[in-house]
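Colleague: So that we are looking at the same thing, I have put the structure below in structure tokens.
The values are calculated or read from the model by the stated rules, or taken from the named source; none is laboratory data. What you see is a predicted model; the values in this text were computed from it and never measured. Cβ sites come from the backbone with ideal geometry, for glycine too, and all protein chains shown count toward neighbours. What goes into the accessible areas is simple: the full protein's heavy atoms, side chains included, and nothing from ligands, DNA or RNA. Shrake-Rupley method; radii C 1.70, N 1.55, O 1.52, S 1.80 Å.
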Amino acid sequence: MSETIAAFAVEPYSYAEARALKEELGLSEPVAVTLVRRGYRTPEQARAFLAADESHPPAAFGGMELVVERVRAAIAAGRRITVHGDFDVDGVCATTVLVRTLRALGGEVDWFIPNRIDDGYGLSRENVRRLAERGTSLLITVDCGIACASEVALAQELGLEVIVTDHHQPKDELPDCLILHPQISGYPFESLCGAAVAWKLASALRGEEATEELDLVALATVADVVPLVGENRSLVRRGLAEMRRTQRAGIRALMAASKCDPERLDEGDLSFRLAPRINAAGRLYRADAGVELFLSDDESRAEAIAEELCRANAERRATEREVDSAAEAVRRELPEDLRGARGLVLAGRDWHPGVVGIVASRLVERHHRPVVVISLDETGEGRGSGRSIPGFDLLAALEACAEHLQGFGGHRAAAGLTIKAENVEAFRQAFGAYANEALAPEDLRRTEKVDALVGGVGLGLELAEELKQLAPFGMGNPGVRLLVPSARVTDVRAMGEGKHARFSLHSGAHRALGVAFGRASLGVEDEDLLDATVRLEVNHWNGSIEPRVVLRELYPLEEPEPDEEKPALPHSCVDDESEWWRRFEAELSADLDAETAKTRPEEGFSGSRAGGRLRRRVSGSAPATVAIAELVSSGAGVLAVCADASRRAALGNGATGLARFNGGAAAIACHRCGDEEIARLVGKATAGLAIVDYAALERAPELVCAFDHVVLVDPPQSALDEVRCGLPCPDGDPGFLHVLWGNSERDFAARVLAEQWPGREAVASSFRALRELGEAGGEGLRGALAGTGSHPLCPEACARRFRVLSELGLVQGSPDGGAGVVRVVSSERTELQRSVAFRAYGERLSEAQQFHARPKPR
């Protein structure tokens, strides 16, 4: 959980494309939306991604045939071959893969991995001389060498034949030797890690795929943080399957020591359990232990090495915490201008140089700005490691500050350097000034990208299982981030010795169990409304299987400060007094037979108005807030249709306002509003949310045709309402009709209906209000008929009640457009059925109630 995360972002996408994936591939909507947002927009693209079976033959490397020929010739001649690796996981795995293969083919092979502290990265001139002295004839580099042209030239001068296999960014000057490199060699997939390149060579040497080495390829691919797309997805999936079979003694021992369950092993275990233990030896001591572990067939020896690596990892973590704490202390002691700079340089004496890169990464996560951490030794020499943020080229920054450095190298996101202690302060000033110029304040605000919105029963085991199809997750294919809008968190309890928390996440009527790692408390109350970003996973615990959300971030939804003089209402109707009375008079004189007929679609209505087709119908089970928010986030125009838009206004405004989902504040018009206010909803047709109700839509049916999406939040009142809402868009695409309502919405709509179509209690209520006045006209009459609360009756409902009272002789006089006077003339009990209007309105209400009672259409 980072204090610097300011907001989440949901990228617009094509709902039609997501719908096509859902229907053709049988996916859930959140998974389909995630795929489209990530660029897999067609069924063909999505199918290829999910299959994760991209593969290219070793021969796709230009020059592979000649490399194989040279290596086989060296084996046949009995020449000593040295595999020169690197001290990280990728280098260790690449070294193991090639050493095992060459030994299996009968080669005389040894390996060499430089010491991180004494030798540094890659080939060094001193180590080249050392290898020549001990009899190496063929030197094959793995995971290094592409930037070592002069070192390769020296090796050749000393009589060594050199083959470079690498994947790092090449420099302008390439080594003058045989090279296998995904970019340089024209390989169709350029993002292989070093171990994968070595594996391709191993397979070519064997003449068949070296399947048993895929476990190490998967481990290296995940640990080296190369993009988990394309062929890398296939390599990791296949490698995990190989690793679960635990054929290698070293892998079995390492999984047991790190408490990994082989049956449920995933990329998270590789990244956070296995890889750190291999890396730990290279960071603090020498990386050879990892190679020995993976080459060993001796179970007891493998177990001993695995335990040794676990101890090294525990020491590494303690050292890392110590340096991290010291670096934070240095940061706090900096002058304010340097402490607040947009780029930080932190240095300390005797900080272990093997962990400064990890500490720099932690500081970047915490403060979201580029950071360089430098370890100074007793001689005044400094070795540093830097990490960057998106939008900041770290290598360019070091080049700009080169006058203060002895040496540096790396790329945009990560780099290393050497420096004299006396130059650290000048470098700090220069680096901070460069970052201040290159970065804007908004660049320091972390934005969390959301893949899809979910809620309610959608947070279940079915979706958790389905999301596994998108794995393995990592660089280029991050874990799926789901946003649960307008949720609540309750039952927060500490767990894991107070380091973590478990909780319940409420979305609508559904409750999901959750866990927050690294936080013992969440800082919110049970009643707080918030948006939560989570990862949904399958949790195995004590023999049970259940869905569980893993918390990413909480975004509280803050209500505006209350104003006692102007209480905030979710929606305030805008109408004109003269228009109100015009509508009242029109309803008062309406033909009752024609009024009843309005509920039935006219003959040929759908064909003449819809061009022979209606919108594509989509039924949903997600809460309305979630479903509408997802549609608004797509960037399309969304028209939500309710029984009473005023009472449903909180769907768009207030604490749950959908401005945060790309739509801005919702435009709302209910049946109480004037015609001009309803017409303004068209302004949201291109993007954003408009909320209207069925009665208002009856006055402006053309409104439907302006929006891509029409969402039925509450059930329609008649078949005509249903057909009207299904009218297509005018541009040739019919658009979508989303049916969301359930039993609770059916009950709400029934209450609204009873208010609109006068029953016995409704008529009696209006009679009592008029009787209290005795005689009324104009504003007083309107107030008595409509009521004065937040949701007064519309003119049509008022006219219906007044018509019944007039027919029964309970009132006399004419409203006369607000200019007349009306008085109560009788308080005797009377039979409402004597009123023709009451009977007609009752039929209309009964018909609507029967329509509501039908099963929800699919």
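Colleague: For Tyr555, Tyr434, Tyr841, give the ranking by accessible area with the largest first, probe 1.4 Å.
Modeller: So the residues, ranked largest to smallest area, are Tyr434, Tyr555, Tyr841.
Colleague: Moving on. For the chain, what is the percent of antiparallel DSSP beta bridges, rounded to the nearest 5?
Modeller: So the antiparallel bridges in the chain amount to around 50 percent.
Colleague: Summarise the long-distance tail of P(r) for the chain by giving the % of C-alpha pairs beyond 38 Å.
Modeller: The proportion of pairs with Cα distances above 38 Å equals 55 percent.
Colleague: Mind ranking 215-227, 315-327 by how tightly packed they are, going by the mean number of other C-beta atoms within 10 angstrom, highest first?
Modeller: Highest mean packing first, the order is 215-227, 315-327.
Colleague: Additional query: Please name whichever of His367, Leu254, Gly664 sits farthest to the positive end of the charge dipole of the chain, dipole taken about the Cα centre and charges placed at Cβ: Lys and Arg +1, Asp and Glu -1.
Modeller: My answer, from the dipole projection, is Leu254.
Colleague: Which value, in debye to the nearest 20, describes the size of the charge dipole of the stretch 294-403 about its Cα centre when Lys and Arg Cβ atoms bear +1, Asp and Glu Cβ atoms bear -1, and nothing else is charged?
Modeller: For this selection, approximately 620 debye.
Colleague: For the stretch 57-146, which whole percent of the accessible surface, found with a 1.4 angstrom probe, sits on carbon and sulfur atoms?
Modeller: Of all accessible area on the stretch 57-146, carbon and sulfur atoms account for 48 percent.
Colleague: While we're here: Once ligands and nucleic acids are excluded and a 1.4 Å probe is used, how much of Cys310 is accessible, expressed in Å² to the nearest 10?
Modeller: Cys310 has an accessible surface of roughly 20 Å² with all protein chains in place.
Colleague: Could you tell me which of Ala275, Gly818, Val713 has its Cα farthest along the dipole of the chain towards the positive end, charges placed at Cβ (Lys, Arg +1; Asp, Glu -1), taken about the Cα centre?
Modeller: The one lying farthest along the dipole's positive direction is Val713.
Colleague: Moving on. May I ask you to give the solvent-accessible area per residue for the chain, in square angstrom, as obtained with a 1.4 angstrom probe?
Modeller: Accessible surface, normalised per residue, equals 42 Å².
Colleague: Next up: Please report how far the C-alpha centroid of the stretch 306-371 lies from that of the stretch 220-263, rounded to the nearest whole angstrom.
Modeller: Each part's Cα centre sits 29 Å from the other's.
Colleague: Compute, for the stretch 319-471, the length of the dipole vector about the Cα centre, with Cβ point charges of +1 (Lys, Arg) and -1 (Asp, Glu) only. Units Debye, rounded to 20.
Modeller: 120
Colleague: Where a ≥ b ≥ c are the square roots of the eigenvalues of the C-alpha gyration tensor, would you call the stretch 786-858 rounded, which needs a/c under 1.5, or, failing that, prolate if a/b is larger than b/c, or oblate?
Modeller: oblate
Colleague: Provide, as a two-decimal number, the C-alpha radius of gyration of the stretch 213-364 over 2.2 N^0.38 Å, N being how many residues it has.
Modeller: Relative to the 2.2 N^0.38 Å estimate, the stretch 213-364 comes out at 1.22.
Colleague: What is the percent carbon and sulfur in the accessible area of the stretch 620-708, measuring with a 1.4 Å probe over the protein chains and ignoring ligands?
Modeller: 55
Colleague: Tell me, how many Å apart are the Cα centres for the stretch 23-102 and for the stretch 404-471?
Modeller: 26
Colleague: Sort 440-452, 671-683 by the packing proxy (mean of other Cβ within 10 Å over each peptide's residues), most packed first.
Modeller: Order by mean packing, descending: 671-683, 440-452.
Colleague: Tally up the carbon and sulfur contribution to the accessible surface of the stretch 166-306 as a whole percent, 1.4 Å probe, everything protein left in place.
Modeller: Reported share for carbon and sulfur atoms: 45 percent.
Colleague: Turning to a different aspect of this structure: Within the chain, what is the number of lysine pairs with alpha carbons under 30 Å apart, leaving out pairs fewer than eight places apart on the same chain?
Modeller: So the count works out to 17.
Colleague: In debye, nearest 20: dipole of the chain around its Cα centre with unit charges on the Cβ of K, R (+) and D, E (-)?
Modeller: Charge dipole, the chain, about its Cα centre: 1420 debye, nearest 20.
Colleague: Highest mean first, how do 702-710, 24-32 rank when packing is the count of other Cβ atoms within 10 Å averaged over residues?
Modeller: Descending mean neighbour count gives 702-710, 24-32.
Colleague: Under the definition of Cα pairs under 8 Å and six or more residues apart, what whole-number percent is the relative contact order of the stretch 22-134?
Modeller: Here the relative contact order equals 18 percent.
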